[in-house]
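Handing you a structure now.
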Amino acid sequence: MTLNALTVDVEEYFQVEALARHVDRDEWDRLESRVVWETSALLDLFAREGVHATFFTLGWVARRHPPLVRRIVAGGHELACHGDGHRMITQMSPAEFRADIRAAKATLEDIGGVRVDGYRAPTFSVVESTRWALDALRDEGFTYDASIFPIRHDRYGIPTAPRAPHRIASGEGAGLVEFPSSTLRVAGRNLPVGGGGYLRLLPMAYTRWALDRIASEGSPFMVYLHPWEIDAQQPRFPLGRLATLRSYHNVDQIVPRLTELLRAYSFGPARAVLQSLDLLPPPPAGVAASVTA
């Protein structure tokens, strides 16, 4: 059975881009933190189902909750990077981006005691205008990126990007491995599937059909979510209709939906999937793929 990637973007509920105009960054430390409870609930679920995942974690979260980072690593999961302060790359200069990922990588490796190989940009913000970020990731010691979404979207996406995991052969990020978010090709257009709001908002019948179609193509798929997406008790903010739908709809349904997927398909950390495809080297003998030091 094909190994597919299970990934979590570890961030607080108030750090999502939809709230950027409602919550100032200097308020973050004064708001109720729920990320430990939320992420712990996911860790408990994964332990019950016997699966391991990649946790793309913010440096900001790691500095405030070191025991959570250590629990992720102790559970045999892959620790990866979601940036430091959850700033979209489109909001940073190249120098600011390098400083952001350098700080986050150092923080995660210091607290987790493991090498951090993977990166996912906040809001999938590796887009056409920020492909330069791939060079910075490679230069700062990352071996793979999971930031490109091959769809059209109002905030992100490179619809012409390859849909399957691949090594970037030339241009920006040459030598880096890219694990794009999963899409299904229908009538000349890429449709999103299996992650975040798409997992909450779209019918499970569509999700299962689309994932089966991707599997039939011989390619692994990626499921992703955020800890706040399982938290029906999180504080809610007055957003517009579309943002409210994207942020809060079906948060009470994500655990049963995710559990259904975990029982239907084979999952592992993103790095382990890329190793199974020979896109990344295997871990040293006797070292688990999810916690390579």
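Out of the residues in region 11-35 that are among the β-branched types (Val, Ile, Thr) and closer than 24 Å to Arg102 by Cα, state the one that is surrounded by the fewest Cβ atoms within 10 Å (Cβ to Cβ).
Val16
If you don't mind, there's one more thing I want to ask. Given the conditions (1) assigned to a helix (DSSP H, G or I); (2) in contact with a Lys or Arg (Cβ under 8 Å, 6 or more places away or on another chain); (3) within 17 Å of Leu280 (Cβ to Cβ), which single one is not true for Arg138?
The one condition Arg138 does not meet is (2).
When you go through (1) closer than 23 Å to Val51 by Cα; (2) in contact (Cβ under 8 Å) with a residue 40 or more places away in the chain one by one for Leu239, which number turns out not to apply?
(1)
Assuming Arg138 fulfils every condition listed in (1) at negative phi; (2) touching a Ser or Thr at 6+ places or on another chain (Cβ under 8 Å); (3) at pLDDT 95 or above apart from one, which condition is it?
Every listed condition holds for Arg138 apart from (2).
Of the numbered conditions (1) under 18 Å from Gly141 (Cα atoms); (2) not in a helix (DSSP H, G or I), Glu96 satisfies every one except a single condition; which is it?
Going through (1) under 18 Å from Gly141 (Cα atoms); (2) not in a helix (DSSP H, G or I) one by one, Glu96 breaks only (2).
Next question. Answer yes if at least one residue in region 133-156 is within 17 Å of Ile89 (Cβ to Cβ), surrounded by fewer than 16 Cβ atoms within 10 Å (Cβ to Cβ) and of a type in the set (Gly, Ala, Ser), and no otherwise.
no
Also, quick follow-up: Just name the residue that is farthest from the chain's Cα centre (by Cα) out of those in region 92-105 that are surrounded by fewer than 20 Cβ atoms within 10 Å (Cβ to Cβ) and in contact (Cβ under 8 Å) with a residue 24 or more places away in the chain.
Pro94
For region 143-254, give me every one of the strands (runs of 3 or more DSSP E) that falls completely inside it and has 3 or more residues that are in contact with a helix residue (DSSP H, G or I) (Cβ under 9 Å, 6 or more places away or on another chain), aliphatic (A, V, I, L, M) and modelled with pLDDT of 95 or more.
Once the strands (runs of 3 or more DSSP E) in region 143-254 are filtered for at least 3 residues that are in contact with a helix residue (DSSP H, G or I) (Cβ under 9 Å, 6 or more places away or on another chain), aliphatic (A, V, I, L, M) and modelled with pLDDT of 95 or more, what remains is 222-225.
Which residue, of Gly59, Gly83, is free of Cβ contacts under 8 Å to residues at least 40 places away in the same chain, crowded, with 20+ Cβ neighbours inside 10 Å and within 18 Å of the chain's Cα centre (by Cα)?
The conditions single out Gly83.
The values are calculated or read from the model by the stated rules, or taken from the named source; none is laboratory data. Predicted, not measured: the structure shown is a model, and the values here were computed from it. Positions of Cβ are backbone-derived with ideal geometry, glycine not excepted, and every protein chain shown enters the neighbour counts.
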